[in-house]
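The structure appears below as structure tokens.
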Amino acid sequence: MDNDKHLKGTTTVGIVCSDGVVLATEQRATMGNFIASKTAKKIYQIDDLVGMTTAGSVGDAQQIVRVISVESKLFKMRRQESVTIKGIATLLSNLLSGQRYYPLMVQLLIGGFDKNGPAVYSLDALGGKIEETKAVATGSGSPMAYGVLEDRYKDDMTVEEGVDLAIRALHNAMKRDSASGEGIDVVVITKDKYERLDQEEVKKKREALN
């Protein structure tokens, strides 16, 4: 995976909690071995209570965000209700598999809260879709992140515990993966809100790990 230039420089994490979902990414964007940005945005709000993390080509990711945001708005206008997380994952899967001969070079996590509760799905570049029931990591630092997630994830975690776990997983990945970035972006989604954590709060939690 480290050899794949499209996936270089990103680690993203999704955690399913008892009361919501935590999505987190580091913030560096690379072009080959050149650092293009240290504050790249890799978590996008797709709907009121739905977020998407992206690993891979920034241009391809932004194209997907535009398409899926419009689709979810249209669904809401037609049906007078929000599309489910599973529904958005299926739309994305169809979009990606439709590009099979010119694949969009991305790995995606879709997570949020809908009428069925919290949910996270992972998608690969060819549209493969998996419902993640616990914790998932994608991108170049994911092997290191998985080590922490598998060791410390427990059933019925709260989003507060999920935030701490996500930051710990990314912090470890970033120490060992030269392509992952410096900053960490964290989004918490519950039945009531979509909230991006303040950078100072994230920084304090990371300092406590050192």
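The values are calculated or read from the model by the stated rules, or taken from the named source; none is laboratory data. Please read all numbers here as calculations on a predicted model, not as lab measurements. Methodologically, a virtual Cβ is constructed for each residue, glycine included, from the backbone with ideal geometry; neighbour enumeration extends over all protein chains shown. The area values use the complete protein model at the heavy-atom level, side chains included, leaving out ligands, DNA and RNA. Shrake-Rupley method; radii C 1.70, N 1.55, O 1.52, S 1.80 Å.
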Sorted by accessible area (1.4 Å probe), largest first, how do V186, V70 line up? V70, V186
When the helix-only estimate is applied to the chain (DSSP H runs of n ≥ 4, each -39,500 (n - 2.57), divided by the residue count), what is the mean residue ellipticity at 222 nm, nearest 500 deg cm²/dmol? -11500 deg cm²/dmol
Cα-Cα pairs of the chain separated by more than 32 Å (percent): 10
Once all protein chains are kept in place, M174 shows an accessible area at probe 1.4 Å, nearest 10 Å², of 20
Just the number: Rg to Rh for the range 117-171, Cα atoms, Kirkwood Rh, two decimals. 0.97
Rg/Rh for the range 99-201 to two decimals, with Rh computed the Kirkwood way over all alpha-carbon pairs. 0.97
Which of G141, G183, G59 moves the most in a Gaussian network model of the chain with Cα springs under 10 Å? G59
Label-point separation (nm) for R79 and D156, each offset 7 Å from Cα along Cα-to-Cβ? 3.2
To the nearest 10 square angstrom, what accessible area does I43 show with a 1.4 Å probe? 10
May I ask you to give the solvent-accessible area per residue for the range 65-178, in square angstrom, as obtained with a 1.4 angstrom probe? 51
Roughly to the nearest percent, how much of the accessible area of the chain is carbon and sulfur, given a 1.4 Å probe? 49
Given the Cα-Cα distance of T90 and A208 and 0.36 nm per residue of separation, how much length would full extension add, in nm? 38.6 nm
With every protein chain in place, what's the accessible area of R79 (1.4 Å probe, Å², nearest 10)? 150
Note on the range 50-153: C-alpha Rg/Rh, Kirkwood Rh, two decimals, gives 0.98
